[in-house]
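In what follows, a single structure is set out as structure tokens and then discussed.
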Amino acid sequence: IEYPKDLGEFFGDDLCRDAFVALQAPEKRGKTFWLLDFAWTAINQDRKVAFIGLGDMTQRQYMERFAIRASRLPKRACDLEIPKSIEWTKWNKEYDVSYRPKKRFAQATAETAWTNMDKILNRSEFNSPLLKLAAYPNSTMGVSNIEGVLDLWERDGWVPDVIVLDYADLLLPPRGAQDERGANNINWKLLRKISQERHLLLITATQPSAQSYDSYVVTRNHFSEDKRKLAHVTGMIGLNQTEDE
């Protein structure tokens, strides 16, 4: 997946086939927002994306977010300041954001959203949808179940380029796992296997330890359950947010 210059320099070539990338951040820090953005960016580059929710949100909630993104309008009419630039200020050690003048945005409508969604998702040269969305209740899906869904889609002729999983911590423990720590390690190994065997980009997210709540920067030391998950990914991205932000 290629991003514009600023984020492109950050991600580099990490968002590619055979890669396994994860976001690490405490709850309500924007993990699902970024997972949706990864998916949307890939779709706009004509990549087939399998977006699989494991209980964090419902299918209706995911579809609403995708539809609002397609409409290019907010859920409710409002005045918005559009960020123009962001710079680090040494004197107060904070980022200074400059905005364009406020702009009035109308409310997204169902008609606009679904018309745009249809145009975007069905523009593939192979006349096949660019997005498959599957959302399951909490505590119902393991890695083997996900592979079964992927196999079913593949038999129908639909093979994803990117899998976005929201998110790995909600996976059921695999059969034979002796404890939660061991189950976590096996699940992450199996996710890595999916990215390797199917030659695709797999993106997911995870929550760090409780110590990260009081840390200015989330680091590799803030892993939860098992540090070996850091070994299985090809990239781990920390999301940071101050109280003011």
Do you know which residues across segment 8-26 are within 21 Å of Leu165 (Cβ to Cβ) and modelled with pLDDT under 85? Phe11
Enumerate the strands (runs of 3 or more DSSP E) found wholly within segment 128-245, keeping only those where 1 or more residues are surrounded by fewer than 17 Cβ atoms within 10 Å (Cβ to Cβ). 131-135, 235-238
One residue is enough: does segment 197-206 have a residue meeting the conditions among the basic types (Lys, Arg) and in contact (Cβ under 8 Å) with a residue 24 or more places away in the chain? yes
Of all residues in segment 86-103 being open to solvent by less than 90 Å² (accessible area, probe 1.4 Å) and more than 13 Å from Glu245 (Cβ to Cβ), the one that is modelled with the lowest pLDDT: Asn92
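The values are calculated or read from the model by the stated rules, or taken from the named source; none is laboratory data. As the structure is a computational prediction, the values presented were derived from the model and not from experiment. Here Cβ is always computed from backbone atoms with ideal geometry, including for glycine, and neighbour counts include all displayed protein chains. Protein only, heavy atoms only, side chains kept; ligands, DNA and RNA dropped before computing areas. Shrake-Rupley method; radii C 1.70, N 1.55, O 1.52, S 1.80 Å.
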